[in-house]
Each structure stands twice: as C-alpha cells, then as structure tokens.
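The values are calculated or read from the model by the stated rules, or taken from the named source; none is laboratory data. For clarity, every value in this text was computed on a predicted model and none was experimentally measured. Note: ideal-geometry Cβ built from the backbone for every residue, glycine included; neighbour counts use all protein chains shown.
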Amino acid sequence: MKDIQVKEIMIPISSYVTVKKENSLIEVLQALEADRKSKTDHAHRDTIVVDEDGKLIGKLTMIDIFRALEPNYKKIDPAQTKGTLTKKFVMDAVRNFNLWMEPMQAVSERGKHLKVADVMHVPEDVEYIRESDTLEKALNEFVMGVHQPLVVKNGETVTGVLRFGDLFEVVRKRLLSDV
C-alpha cells in the first residue's frame, strides 16, 4: 500500500459527476442515472458540488441524501453517534425519533423539494488528501470514519476524488494475485 499513490487510482475531477448548489435533488439523481447508463465500470453514486467557477464547495453523498430525506436525524446528538454504535442505541434512536416511519410517498414529496444546498456536505480538512499520499494513508482515513469520498488535491487545487470502493478493488486484486 505504501508503493501506490492516491493519484494512481483517483477519479479525475473532470470525470466526476458535478452539480451546483441550486440544482434540485431530482436533477442530481437524474445526473447520476445518466452517468450510470454511460459507464461500463462502477458508476458514481456521489457528486461533487461546484460553484460558478467550477471550484469544489461540497460533496453530496448517499448518506447526505438519506439524512436529508429523514430530517429527524438532525435531532440526534452527533456526539452520541461517534465510535461504535450498539444495536440497542440504534433501535432506541429509531423509536425515539420516529426514523423512517413516514410512508414512502411523504419521503418522495420531501425529496422533490430539496436543493443541493440543503443536502450537501462541506468537506472538513480531514476529508482532503494529497495526490502524492499513499493508499495506506487513504485506507486508514476511510476505516477510521472519514466522510466518503476523499477529495484529492495537488497543492491547493482539487484534482480528483478517491472512493473507498476503488481502493478496495486495488487491495482485492493484489490479494488475489498473490494466491
């Protein structure tokens, strides 16, 4: 893992699905669907949010979308969800905050009115990684709980995205080649 740099497996930002904060959630899902139909390899399930100049201002992931579709997640104290979650804690939260108790129609209606700005995640410093960093560093960050995917930089310029699944594929192929 120390012999492979992030830039060798990252997806260049120019090849990633990008959206603007003014886009609706439906437009995001349509862009992801178009990407899925045009790819023979693993399609994107996350998007990068860019400003008018094409500079990254956020990420929009599957987790972000689920959290936006179920607004009661905002009632849960984030400090309580750090570390290992017990089954009892999760089930108590589901009951106490009525998570996902609404009919799917109500969830769909909510989703139709959401904008990217309502849903997107602004990356924290820990979510950035350098092109020259090793996959070992990236793997440690993913496993330790960094909000996926990692945003790749060369200096101050965002150059790509590193997905956990792509890193897993490198490890999987290496393990199988040694059999």
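Just checking, how many residues over segment 11-34 are farther than 19 Å from ILE63 by Cα and at pLDDT below 95?
Going residue by residue through segment 11-34, those that are farther than 19 Å from ILE63 by Cα are 11-15, 22, 34.
Add one more test, that the residue is at pLDDT below 95, and what stays is 11-15, 34.
Here the count works out to 6.
If a residue has to be part of a strand (DSSP E or B) and farther than 25 Å from GLY155 by Cβ to count, how many in segment 7-26 make the cut?
So the answer is 1.
What pairs come out if I take residues in segment 127-140 that are closer than 16 Å to ARG172 by Cα and pair them with residues that are part of a loop (DSSP other than H, G, I, E, B) and among the basic types (Lys, Arg) whose C-beta lies under 9 Å away, six or more apart or interchain?
LEU135/LYS2; GLU136/LYS2
Quick one: count up the residues across segment 159-179 that are of a type in the set (Val, Ile, Thr), surrounded by fewer than 19 Cβ atoms within 10 Å (Cβ to Cβ) and closer than 19 Å to ILE48 by Cα.
Taking segment 159-179 and keeping what is of a type in the set (Val, Ile, Thr), we get 159, 161, 170-171, 179.
Right, trim to surrounded by fewer than 19 Cβ atoms within 10 Å (Cβ to Cβ) and you get 159, 170-171, 179.
From what is left, the residues that are closer than 19 Å to ILE48 by Cα are 159.
So the answer is 1.
Can you find a residue that is surrounded by fewer than 16 Cβ atoms within 10 Å (Cβ to Cβ), at pLDDT below 75 and out of contact with any helix residue (DSSP H, G or I) (no Cβ under 9 Å at 6 or more places or on another chain) anywhere in segment 97-120?
Within segment 97-120, not a single residue is surrounded by fewer than 16 Cβ atoms within 10 Å (Cβ to Cβ), at pLDDT below 75 and out of contact with any helix residue (DSSP H, G or I) (no Cβ under 9 Å at 6 or more places or on another chain).
Going through VAL151, VAL146, VAL170 one at a time, which residue ends up being closer than 18 Å to THR61 by Cα, of a type in the set (A, V, I, L, M, F, W, C) and at pLDDT 90 or above? Before the answer, list the steps.
Values: VAL146 fails: at pLDDT 90 or above; VAL170 fails: closer than 18 Å to THR61 by Cα.
Only one candidate passes the filter, namely VAL151.
Scan segment 138-153 residue by residue and report those that are surrounded by 12 or more Cβ atoms within 10 Å (Cβ to Cβ) and either among the hydroxyl-bearing types (Ser, Thr, Tyr) or out of contact with any strand residue (DSSP E or B) (no Cβ under 7 Å at 6 or more places or on another chain) (or both).
Taking segment 138-153 first, the residues surrounded by 12 or more Cβ atoms within 10 Å (Cβ to Cβ) are 138-142, 146-153.
LEU139, ASN140, PHE142, VAL146, GLN148 - these are the residues of segment 138-153 that are surrounded by 12 or more Cβ atoms within 10 Å (Cβ to Cβ) and either among the hydroxyl-bearing types (Ser, Thr, Tyr) or out of contact with any strand residue (DSSP E or B) (no Cβ under 7 Å at 6 or more places or on another chain) (or both).
Among the residues of segment 82-133, write down those that are closer than 18 Å to MET62 by Cα and small (Gly, Ala, Ser).
Scanning segment 82-133 gives SER108, GLY111, ALA117.
Could you tell me which residue of segment 37-53 is nearest to GLU169 (Cα to Cα), considering only residues that are within 16 Å of the chain's Cα centre (by Cα) and of a type outside the set (S, T, N, Q)?
Of segment 37-53, the ones within 16 Å of the chain's Cα centre (by Cα) are 42-50.
Okay, now just the ones that are also of a type outside the set (S, T, N, Q), so 42-46, 48-50.
Numbers: HIS42: 11, ALA43: 14, HIS44: 15, ARG45: 16, ASP46: 18, ILE48: 22, VAL49: 26, VAL50: 28 Å.
Ranking the candidates gives HIS42 first.
Looking at segment 27-44, which of its residues are in a helix (DSSP H, G or I), of a type outside the set (D, E, K, R) and surrounded by 12 or more Cβ atoms within 10 Å (Cβ to Cβ)?
Residues satisfying the conditions are VAL28, LEU29, GLN30, ALA31, LEU32, ALA34.
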